[in-house]
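First up is the structure itself, then whatever we jot down about it.
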Amino acid sequence: MQAKTMKAIAVMPGQANSIHLRETAVPMMGPDQVLVRTLRVGLCGTDGEINHGDYGVPPKGDDFLILGHENFGVVEQIAPEVHGFKPGDFVVSTVRRPCYQCYNCDRGENDMCTSGNYTERGIKGRHGFMSEFYVEAPHYLIKIPAHLENIGVLLEPMSVVEKGIDHGFLAQRRLQWNPKTAVVLGAGPVGMLAAAILRIRGLRVVLVGREPDTDLRAQIARSIEAEYFSVAGISLLDLPKHLGPIDLAIEATGSASVVFNSMQILAPNGVLCLLSVTGGFKMETQPIEVINQKLVLGNNVVYGSVNANPRHFRMGVDDFATIQERYPGFLQSLITNRLPMKDFMSWFTTRGVGIKTTLEIGTAQAVSA
């Protein structure tokens with residue numbers, strides 16, 4: 001018999017530091033839905049910003065929002081009309097849901113919604129995955145092979161990176177493009193995943209961070225045959241002098257000032273993908289004429305990328321397998337902290353050190369009454 005209530009980590013959107021553990025009802029399955037037991041969720045800056053009250057929207061009818069968008073779970077039960085899944089399957093759910101109002105959403109590209117009326121699990125208008133169970137329609141679920149169980153929780157951030165890199169290469173179909181050097185700005189989880197994807201695509205990859213060469217991040221970067229370059233005490237604008245022409249840059253620092261500096265380091269025909277979502281209203285002087293001239297005369301492309309559609313999640317699963325085979329242990333090394341669910345507050349108050357922290361929500365055991 002299915003449990004009737006479950007534990008969940010939630011906030012009162014708009015209220016700073018309202019995060020709390022609550023008891024709530026296990027969602028009911030529809031005739032074409034799947035009940036998933038959450039095993040773990042990844043913690044990221046978005047969760048912290050929602051807890052700060054910066055943004056976040058509860059589902060209609062609720063005054064609270066269950067957090068969590070980076071997820072990994074196991075199928076607990078399927079409804080009669082569900083095909084292609086069975087209890088025991090490991091799964092990750094995609095995050096964004098369509099607005100039902102625009103052409104892109106109608107085509108299954110919810111990540112490219114033009115109306116802005118989409119919903120996102122754990123962020124906007126739909127509960128997330130920091131709960132013991134969730135219910136999902138099967139077409140939003142991605143199967144994870146059993147041998148990727150330990151790192152499956154990285155698939156949501158992986159999908160965002162897959163989309164960003166994919167769109168860069170799609171944009172460059174405008175010309176004959178043979179990129180040699182890629183620079184990844186930011187040595188967090190997103191930056192590390194970007195470096196790995198670009199390495200298995202054969203590019204020279206330089207991971208750029210503020211940490212010294214002796215830092216764990218530098219060691220991990222070298223484990224995938226990437227270079228590590230510390231900009232401690234060095235202007236980001238001088239990177240081309242040290243590294244040579246930069247054909248592709250992935251910005252994943254969370255710093256708006258880095259965004260504008262990175263527009264100035266591209267080689268001719270270079271591409272810059274912005275993956276940072278920054279908040280606030282900070283004002284800063286920028287050399288706008290220099291930036292404009294550089295972008296125009298260099299035939300450069302600058303674009304932002306956020307969220308992903310199922311195609312990019314599936315690309316992520318395929319690349320996980322390749323990365324695991326070529327660089328054993330790399331993906332596991334990115335998960336540096338695993339917290340029990342009961343200790344969630346420690347991350348939201350101190351964040352701690354490391355690369356990626358997960359909350360361990362449950363195990364793949366049967367549901368108790």
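Brief remarks on what is shown
This table checks each residue for (1) modelled with pLDDT of 95 or more; (2) of a type in the set (A, V, I, L, M, F, W, C).
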{"site": "Pro340", "(1), (2)": "yes, no"}
{"site": "Met345", "(1), (2)": "yes, yes"}
{"site": "Thr350", "(1), (2)": "no, no"}
{"site": "Val353", "(1), (2)": "no, yes"}
{"site": "Thr357", "(1), (2)": "yes, no"}
{"site": "Ala364", "(1), (2)": "no, yes"}
{"site": "Val367", "(1), (2)": "no, yes"}
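- The sole residue among Thr94, Thr119 that is in contact with a helix residue (DSSP H, G or I) (Cβ under 7 Å, 6 or more places away or on another chain), hydroxyl-bearing (Ser, Thr, Tyr) and under 27 Å from Thr24 (Cα atoms) is Thr94.
- Within the range 340-368, the set of residues being within 20 Å of Val190 (Cβ to Cβ) and in contact with a strand residue (DSSP E or B) (Cβ under 7 Å, 6 or more places away or on another chain) comprises Trp347, Gly352, Gly354, Ile355, Lys356, Thr357, Thr358, Leu359.
- Restricting Glu149, Glu156 to those that are in contact (Cβ under 8 Å) with a residue 24 or more places away in the chain, crowded, with 24+ Cβ neighbours inside 10 Å and either on the phi > 0 side of the Ramachandran plot or not aliphatic (A, V, I, L, M) (or both) reduces the list to Glu156.
- Inclusion of Lys180 among residues that are in contact with a helix residue (DSSP H, G or I) (Cβ under 7 Å, 6 or more places away or on another chain) and not assigned by TED's automatic domain parsing to the domain that holds Pro13 is not warranted.
- Matching residues, the range 302-332, being touching a Lys or Arg at 6+ places or on another chain (Cβ under 9 Å), surrounded by fewer than 19 Cβ atoms within 10 Å (Cβ to Cβ) and under 19 Å from Ala252 (Cα atoms): Val306
- Considering residues of the range 340-353 that are touching a residue at least 40 places away in the same chain (Cβ under 8 Å) and either of a type in the set (A, V, I, L, M, F, W, C) or within 16 Å of Pro157 (Cβ to Cβ) (or both) only, the residue surrounded by the fewest Cβ atoms within 10 Å (Cβ to Cβ): Met345
- Pairing residues of the range 290-303 that are in a loop (DSSP other than H, G, I, E, B) with residues that are β-branched (Val, Ile, Thr), at Cβ distances under 9 Å and at least 6 apart in sequence or on separate chains, gives Asn300/Val271.
- Screening Leu155, Leu216, Leu141 for residues that are of a type outside the set (Asp, Glu) and over 30 Å from Phe64 (Cβ atoms) leaves exactly one candidate, Leu216.
- Of residues in the range 112-149 being part of a strand (DSSP E or B) and among the aromatic types (Phe, Trp, Tyr), the one nearest to Ala308 (Cα to Cα): Tyr134
- Reported count of residues in the range 261-277, each being exposed (fewer than 15 other Cβ atoms within 10 Å of the Cβ) and without any contact (Cβ under 8 Å) to a residue 60 or more places away in the chain, is 1.
- The single condition from (1) at pLDDT below 95; (2) outside the structural domain of Pro240 (by TED's automatic domain parsing) that Asn150 fails is (1).
- Verdict on Phe320 being hydrophobic (A, V, I, L, M, F, W, C) and in contact with a Leu (Cβ under 6 Å, 6 or more places away or on another chain): yes
- Every listed requirement among (1) of a type in the set (Val, Ile, Thr); (2) within 23 Å of Asn178 (Cβ to Cβ); (3) in contact with a Phe, Trp or Tyr (Cβ under 8 Å, 6 or more places away or on another chain) is met by Val205 save one, (3).
- Of the criteria (1) over 20 Å from Ile142 (Cβ atoms); (2) over 25 Å from the mean Cα position of the chain (by Cα); (3) surrounded by 17 or more Cβ atoms within 10 Å (Cβ to Cβ), which one Ala10 fails: (2)
The values are calculated or read from the model by the stated rules, or taken from the named source; none is laboratory data. Note that the coordinates shown come from a computational prediction; the quantities given were computed from them, not determined experimentally. Every residue, glycine among them, receives a Cβ derived from its backbone with ideal geometry; neighbour counts consider all protein chains shown.
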